[in-house]
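Have a look at the structure below, then the notes.
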């Protein structure tokens with residue numbers, strides 16, 4: 001489960017509406033090095049669609065999504 | 001004892017806040033119980049939306065500037081200086097001249113956003129923009145010489161000022177080329193970082209059929225990573241390459257380093273309560289306008305309405321009352337749909353915009369507002 005994934009960068013986008021969480025993620029991934037693991041915290045259900053769609057398009061790795069009571073944690077690894 | 005209100009920044013947010021405070025606290029300022037000081041490093045106030053019209057020869061960069069002093073209530077003390085340090089524990093500001101120190105009881109930070117094209121390799125060398133006076137004038141000259149080829153409008157930076165502007169520029173360029181009789185020799189492509197054409201879905205839904213009708217190409221999930229100035233190629237993080245003849249970009253933006261250095265937020269954007277505009281990481285500090293990290297647009301209207309809220313709250317605090325004014329995220333934007341028609345949107349944190357069909361009247365209203373904006377800066381409109 002998620003507790004085994006150790007994120008290098010946590011992006012707290014809880015409370016932000018679409019497309020805020022995805023924008024925040026893209027901004028951080030842009031500045032990061034390959035191999036970096038990001039944890040995106042989002043309370044916007046739309047992130048369940050647009051984040052995986054972008055991660056696939058950009059060729060990064062969607063590691064895991066963990067549902068909490070009031071938000072989701074999406075783990076993404078930046079590839080080359 | 002005199003209560004000192006200091007405002008950092010002379011843009012829309014800073015000017016409106018200063019003028020509203022001068023109006024609300026008129027008696028207290030007259031009696032010497034309150035002082036309002038505005039510090040800005042630019043003796044001119046700049047109304048940036050004017051720059052959209054410069055590339056098409058409709059305005060000049062000088063049209064966007066007026067002396068701050070002319071716009072401020074005489075009761076507001078104006079200091080032309082650059083604040084280089086905010087000490088929120090000591091409630092003290094240090095200025096660039098090395099000997100000016102300003103103590104405050106209430107601080108308003110309205111330092112805005114600035115362009116950071118250097119974040120994308122090659123962009124500053126070969127990318128045009130219309131977000132500043134030099135860039136807009138240079139783009140005017142480039143457009144005047146551009147008679148055929150591929151124009152790419154790329155939204156590179158998010159968040160960026162005026163989310164309507166790239167949409168407007170694209171639709172205006174399309175019609176401008178048609179009016180000049182060269183549209184069939186010009187290909188236009190618009191790129192956007194996410195899966196649709198705009199952050200706000202209703203605006204995307206308005207844009208898509210118009211782009212299709214006008215033969216404007218678009219690329220989504222396009223986050224520009226580098227520009228090859230020799231080959232004229234724009235490459236995205238997602239691996240898409242676009243050849244261009246003229247690149248117009250919305251450059252990456254950053255907030256002022258003061259915000260980060262003062263510990264008010266990251267990347268130059270201050271963390272605030274989105275309803276009260278109070279800084280989350282310091283006492284007696286409000287942050288408004290582009291500098292505040294709130295979930296709405298970086299737009300003049302946001303700074304304008306938020307400034308009214310902040311002025312109300314500080315006036316209440318000074319009078320020993322419980323501040324009750326709050327900001328609901330109200331944002332109003334005109335959107336040009338070409339050279340002579342426009343629409344407008346109004347939305348807030350809870351209510352997305354409804355986008356109506358464009359018409360000539362709204363375009364005239366936008367041009368009229370551009371002339372009367374100075375009344376907004378004065379706190380009158």
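For (1) modelled with pLDDT of 95 or more; (2) under 12 Å from the mean Cα position of the chain (by Cα); (3) on the phi > 0 side of the Ramachandran plot, each residue gets a yes or a no:
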residue: B:278; (1), (2), (3): yes, no, no
residue: B:295; (1), (2), (3): no, no, no
residue: B:315; (1), (2), (3): yes, no, no
residue: B:320; (1), (2), (3): yes, no, yes
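State yes or no: is residue B:312 part of a helix (DSSP H, G or I) and surrounded by fewer than 20 Cβ atoms within 10 Å (Cβ to Cβ)?
For residue B:312, the condition - part of a helix (DSSP H, G or I) and surrounded by fewer than 20 Cβ atoms within 10 Å (Cβ to Cβ) - is met.
Would you please name the residue that is surrounded by the fewest Cβ atoms within 10 Å (Cβ to Cβ), looking only at residues in the range A:29-44 that are over 18 Å from residue B:158 (Cβ atoms) and within 14 Å of chain B (Cβ to nearest Cβ)?
Selected residue: A:33.
Output the residues belonging to the range B:229-249 that are within 16 Å of residue B:149 (Cβ to Cβ) and not in a loop (DSSP other than H, G, I, E, B).
Across the range B:229-249, the qualifying residues are B:233, B:234, B:242, B:243, B:246, B:247, B:248.
To keep it simple, each residue is scored yes or no on (1) within 14 Å of chain A (Cβ to nearest Cβ); (2) in contact with a helix residue (DSSP H, G or I) (Cβ under 8 Å, 6 or more places away or on another chain); (3) buried (at least 22 other Cβ atoms within 10 Å of the Cβ); (4) over 27 Å from residue B:223 (Cβ atoms).
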{"residue": "B:102", "(1), (2), (3), (4)": "no, no, no, yes"}
{"residue": "B:108", "(1), (2), (3), (4)": "no, yes, yes, yes"}
{"residue": "B:111", "(1), (2), (3), (4)": "no, yes, yes, no"}
{"residue": "B:116", "(1), (2), (3), (4)": "yes, no, no, no"}
{"residue": "B:121", "(1), (2), (3), (4)": "yes, no, no, no"}
{"residue": "B:127", "(1), (2), (3), (4)": "no, yes, yes, no"}
{"residue": "B:132", "(1), (2), (3), (4)": "no, yes, no, no"}
{"residue": "B:153", "(1), (2), (3), (4)": "no, yes, yes, no"}
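Inspect all residues belonging to the range B:227-238 and state whether any of them is without any contact (Cβ under 8 Å) to a residue 24 or more places away in the chain and crowded, with 21+ Cβ neighbours inside 10 Å.
yes
Considering only residues of the range B:250-262 that are outside any helix (DSSP H, G or I) and away from chain A (no Cβ under 12 Å), which is nearest to residue B:329 (Cα to Cα)?
Out of the qualifying residues, it is B:255.
Answer yes or no: is there a residue in the range A:48-57 that is more than 14 Å from chain B (Cβ to nearest Cβ), out of contact with any helix residue (DSSP H, G or I) (no Cβ under 6 Å at 6 or more places or on another chain) and either surrounded by fewer than 20 Cβ atoms within 10 Å (Cβ to Cβ) or closer than 14 Å to residue A:25 by Cα (or both).
no
Matching residues to (1) assigned to a loop (DSSP other than H, G, I, E, B); (2) within 30 Å of residue B:256 (Cα to Cα):
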residue: B:144; (1), (2): no, no
residue: B:151; (1), (2): no, no
residue: B:154; (1), (2): no, yes
residue: B:159; (1), (2): yes, yes
residue: B:166; (1), (2): no, yes
residue: B:175; (1), (2): no, no
residue: B:190; (1), (2): no, yes
residue: B:197; (1), (2): yes, yes
residue: B:205; (1), (2): no, no
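Considering only the range B:340-381, how many residues are more than 17 Å from residue B:206 (Cβ to Cβ) and not in a helix (DSSP H, G or I)?
Total satisfying the criteria: 8.
Please specify each residue of the range A:17-62 satisfying the condition of being touching a residue at least 40 places away in the same chain (Cβ under 8 Å) and more than 18 Å from residue B:195 (Cα to Cα).
Within the range A:17-62, A:32, A:33, A:34, A:35, A:36, A:37, A:38 qualify.
Would you confirm whether any residue within the range A:29-47 is under 12 Å from the mean Cα position of the chain (by Cα) and in a helix (DSSP H, G or I)?
Checked against the condition, which is being under 12 Å from the mean Cα position of the chain (by Cα) and in a helix (DSSP H, G or I), the range A:29-47 yields at least one hit.
Considering A:44, A:24, A:70, which residue is modelled with pLDDT under 95 and in contact with a helix residue (DSSP H, G or I) (Cβ under 6 Å, 6 or more places away or on another chain)?
The match here is A:44.
Just to be sure before I move on: is residue A:79 part of a loop (DSSP other than H, G, I, E, B) and within 13 Å of chain B (Cβ to nearest Cβ) in the structure I sent?
The answer is yes for residue A:79.
Can you work out which of the residues in the range B:263-276 that are surrounded by fewer than 24 Cβ atoms within 10 Å (Cβ to Cβ) and more than 17 Å from the chain's Cα centre (by Cα) is farthest from the other protein chains (Cβ to nearest Cβ)?
B:263
Could you tell me how many of the residues in the range B:207-228 are over 29 Å from residue B:121 (Cβ atoms) and either out of contact with any helix residue (DSSP H, G or I) (no Cβ under 9 Å at 6 or more places or on another chain) or assigned to a loop (DSSP other than H, G, I, E, B) (or both)?
Residues in the range B:207-228 being over 29 Å from residue B:121 (Cβ atoms) and either out of contact with any helix residue (DSSP H, G or I) (no Cβ under 9 Å at 6 or more places or on another chain) or assigned to a loop (DSSP other than H, G, I, E, B) (or both): 6 in total.
Could you list all residues from the range B:179-197 that are surrounded by fewer than 21 Cβ atoms within 10 Å (Cβ to Cβ) and within 14 Å of chain A (Cβ to nearest Cβ)?
Matches in the range B:179-197: B:195, B:196.
Please give the number of the condition residue A:6 fails out of (1) surrounded by fewer than 15 Cβ atoms within 10 Å (Cβ to Cβ); (2) within 14 Å of chain B (Cβ to nearest Cβ).
Tallying (1) surrounded by fewer than 15 Cβ atoms within 10 Å (Cβ to Cβ); (2) within 14 Å of chain B (Cβ to nearest Cβ), residue A:6 fails exactly one: (2).
Looking only at the range A:9-28, which residues are part of a loop (DSSP other than H, G, I, E, B) and either under 9 Å from the mean Cα position of the chain (by Cα) or facing chain B (nearest Cβ under 10 Å) (or both)?
A:13, A:15, A:16, A:17, A:18, A:19, listed by residue number.
Quick one: is residue B:233 closer than 26 Å to residue B:289 by Cβ and more than 14 Å from every other protein chain (Cβ to nearest Cβ)?
no
Taking residue B:272, is it modelled with pLDDT of 95 or more and within 17 Å of residue B:120 (Cβ to Cβ)?
no
Would you mind telling me which numbered condition in (1) within 14 Å of chain A (Cβ to nearest Cβ); (2) buried (at least 22 other Cβ atoms within 10 Å of the Cβ); (3) in contact (Cβ under 8 Å) with a residue 40 or more places away in the chain residue B:207 fails?
(1)
The values are calculated or read from the model by the stated rules, or taken from the named source; none is laboratory data. Just so we're clear, the structure is a prediction, and the values are computed from it rather than from any experiment. Positions of Cβ are generated from backbone atoms using ideal geometry, with glycine treated the same way; all protein chains shown enter the neighbour counts.
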